[in-house]
1. Using 18 Å as the cut-off for backbone N distance, which residues of segment 451-471 belong to the label zone defined by a point 7 Å from the Cα of residue 522 along Cα→Cβ?
2. So if we plug the beta-carbon distance of residue 268 and residue 707 into 1/(1 + (r/R0)^6) with R0 = 51 Å, what FRET efficiency do we get, rounded to 0.05?
3. Modelling each spin label as a point 7 Å along the Cα-to-Cβ direction, I'd like the residue 120/residue 700 distance in nm, to one decimal.
4. Counting only heavy atoms of protein chains, what accessible area per residue, in Å², does segment 1-126 have with a probe of 1.4 Å?
5. Report the calculated FRET efficiency for residue 648 and residue 456 (r = Cβ-Cβ distance, R0 = 41 Å), to the nearest 0.05.
6. For segment 344-467, give the share of DSSP beta bridges that are antiparallel, in percent and rounded to the nearest 5; count only bridges with both residues there.
7. Please arrange 339, 156 by accessible surface area, largest first, computed with a 1.4 Å probe and ligands excluded.
8. In whole angstrom, and with the biggest value first, how far do the Cα coordinates of the chain range along each principal axis?
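The values are calculated or read from the model by the stated rules, or taken from the named source; none is laboratory data. These figures come from a predicted structure and were not determined experimentally. Please note: Cβ atoms are built from the backbone with ideal geometry, for glycine as well, and neighbour counts cover all protein chains shown. Please note that ligands, DNA and RNA were not included when accessible areas were found on the heavy atoms of the full protein model with its side chains. Shrake-Rupley method; radii C 1.70, N 1.55, O 1.52, S 1.80 Å.
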Amino acid sequence: MAIHFHEQTGVFILETQHSEYQMRIGRLGYLQHLYYGGPAGGSEMSHLVRQADRGFSGNPYDAGEDRTFSLDTLPQEYPAFGSGDFRESSLRAVYADGSSDTDLRYRSHSIFSGKAVLKDLPSFHGGEGEVETLEIVLSDALTGLSVALQYNVFAEKDIITRSAVIKNESGQPVQISRVLSCSLDYADGKGYEYITFYGRHAMERNEERTPVRHGEIVASSIRGASSHQQNPFVILCEQGADEEHGRCYGLSFVYSGNFIAGAQLDQFDSLRLYMGIHPEGFNWLLKAGESFATPEVALCYSGEGLGELSRRFHRACRENLCRGVWRDRRRPILVNNWEATYFDFDDDKLVKIAQEASQLGIEMLVMDDGWFGKREADVSGLGDWTVNEKKLRGGLGSLCERVNALGMKLGIWFEPEMVSEDSDLYRAHPDWVLRSPGRKGVRSRCQFVLDMSRGDVVDYLFEAISRVLSSANIAYVKWDMNRHLTNVFSAKLPAGQQGEIYHRYMLGVYELLERLTGAFPEVLFEGCSGGGGRFDAGMLYYTPQIWCSDDTDAIERLQIQYGTSFGYPISAVGAHLSACPNHQTGRVTPFDTRALVAMAGTFGYELDISRLSPEEKQQVREQTAFFKKNYALISGGDYYRLTGPAKNPTYAAWEFVSPDRGRALVCYVAIHAQANAAFTYLYPRGLRPQGRYAFTVSDEQYLLTGAAIMQGGIPMPRLSGDYRSLTIELEEV
Ligand code: GLA
């Protein structure tokens with residue numbers, strides 16, 4: 001059993017392999033947070049909660065004259081607005097009479113094995129033996145609003161997921177203006193750092209560490225998508241925590257829309273972490289008897305540093321978040337025509353690329369943007385999901401047959417959520433876009449956003465996309481989204497419900513993904529949003545891989561993929577070898593370095609294969625063979641960041657270790673060549689200390705124990721020239 005309830009003390013204990021979470025039904029029925037951290041060895045942690053008479057921190061009326069009992073200072077599990085806690089609340093409800101304070105007290109709880117699937121939302125999943133659930137119902141006796149807090153314990157994986165279901169049992173409509181998924185209080189919040197992942201289009205997920213200070217540090221998005229700008233994955237760690245040491249907590253939001261994730265240090269050095277849908281632009285009308293389910297947050301604790309935290313997320317994302325046949329199957333090595341041709345292609349050009357690729361071990365051609373409607377450039381055609389037969393003579397079926405005849409699969413690009421002003425769809429349904437009455441609307445990449453909150457829009461897209469996918473043997477879909485939401489107004493909903501659109505938009509996107517992945521279970525879906533603008537745990541539920549960035553420069557990718565690896569597994573990271581000079585930066589890097597970096601991901605190519613030199617083609621043959629041979633190790637092994645851009649600006653290294661620790665692959669890129677440089681030593685991790693490993697580094701052969709390698713390091717040869725790289729394959733003998 002991973003979940004225990006101690007009747008006498010009212011304490012709940014949630015146990016995973018390496019962590020423990022405690023809370024209690026406290027005085028007056030308030031649910032108090034006690035502890036989250038390493039296993040506490042059977043002790044209840046109620047002593048951590050201290051009370052004192054604090055000026056300006058009020059007391060619930062029924063606490064009588066006890067001025068030490070205040071919700072403003074008690075650690076809580078799900079604080080509600082207006083009840084005397086002045087910190088960030090999880091819930092704000094406005095009742096029919098205009099009042100907006102909610103007083104939540106314990107009502108009941110239940111514990112069961114397994115986990116209910118969240119309705120209409122992505123979520124972690126697991127079988128009966130794998131996950132246990134605790135549901136605690138809190139309610140407000142006066143207003144009849146109740147909150148069912150869900151705690152799902154994936155003990156083996158060291159993951160606890162949290163969400164909440166708000167139910168209106170008041171008999172009258174209630175407006176919910178704020179509803180978060182998770183709040184986590186630390187009685188002693190001193191000495192922590194908050195790690196967030198900021199970025200921009202073509203440079204996503206840069207790691208940023210900020211000492212937690214009084215006030216708040218917030219990562220958020222109000223763009224209608226999780227965004228390139230901030231990622232909905234954050235870490236709280238003790239100051240100075242590194243890859244191997246330190247207490248760390250990760251929070252991953254299983255949601256792809258607006259979010260807020262904050263760390264608030266209060267007047268008494270208590271810390272509150274919170275995560276959920278961003279309250280900006282949010283207002284939900286909860287009619288009598290209705291419920292609202294929040295998206296889920298996945299929590300993970302590691303007492304052994306950031307590396308272990310990431311590996312725990314990696315395993316759980318791979319096995320308990322991704323679904324479908326492609327969760328476990330080896331994904332095809334693909335060639336994408338975007339950077340090879342952009343919009344300038346026809347069937348013959350594509351077949352030529354496929355022909356060359358098929359000789360080199362590449363397994364799939366992905367036809368990117370431009371195959372449909374009137375789409376010669378990015379200003380028209382979105383929404384018209386019918387094949388442009390001027391480009392694809394003979395149609396999609398014929399192209400597919402020609403590609404399949406080469407032994408290659410065919411994949412295809414869609415941008416379902418968008419419409420071009422110049423499109424038949426927009427001319428037929430101008431009211432299908434998000435746009436406020438009387439306004440022209442903000443254009444972005446010359447396109448508008450479809451109102452995904454509308455059932456008729458979702459139905460249209462399901463039919464249009466299904467028609468294409470059924471018309472030929474399509475093996476893969478790249479699902480793109482190339483602008484953010486503005487003028488968020490739906491012609492379909494009444495004035496009083498316009499605050500629901502951002503969330504209803506996401507529910508529409510998820511519904512469409514659910515229907516399509518259900519109808520086409522063999523098709524591999526890859527998420528994308530101008531690269532990695534929607535790289536989040538929500539999308540991974542539907543698309544087991546996501547295009548990581550529109551920046552394909554290998555050296556920039558070192559940093560982007562480094563940041564991405566904190567919360568997301570290698571098997572999810574869409575990465576391709578592209579042309580040089582690189583199209584985004586103009587940088588020239590060696591062919592093998594480009595391959596090595598793209599292999600820290602799903603691996604593919606994005607350049608005109610037919611223009612490669614014979615030597616390069618031979619390299620491609622070797623690369624694809626190498627990747628296939630090492631696929632299980634790379635995509636299913638344990639990933640170790642051996643360096644970081646801040647600490648090691650002149651080189652980068654990472655490592656994959658097989659689950660049985662018998663094999664490891666160390667990858668090294670020397671970023672800046674230096675004259676008369678010091679020797680660089682790499683310190684691989686995760687090996688069996690007593691095991692003996694054979695490996696070769698630039699012709700030099702080694703046979704060393706795992707302990708010797710991990711303690712003493714491996715000296716790297718001095719590579720002359722920028723951006724040179726090498727791999728070391730360690731094999732236990
Ligand atoms: C986005 C994607 C690219 C490509 C283009 C096509 O930017 O991230 O990979 O598909 O759209 O327009």
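1. Answer for segment 451-471: 466-471.
2. My answer for the efficiency is 0.65.
3. The modelled label-to-label distance comes out at 6.2 nm.
4. Averaged over the residues of segment 1-126, the accessible area is 46 Å².
5. Details: r = 53 Å, r/R0 = 1.30.
According to the calculation, E is roughly 0.15.
6. Expressed as a percentage, antiparallel bridges in segment 344-467 total about 55.
7. In descending accessible area the options line up as 156, 339.
8. Result for the chain: principal-axis Cα extents of 86, 69, 45 Å.
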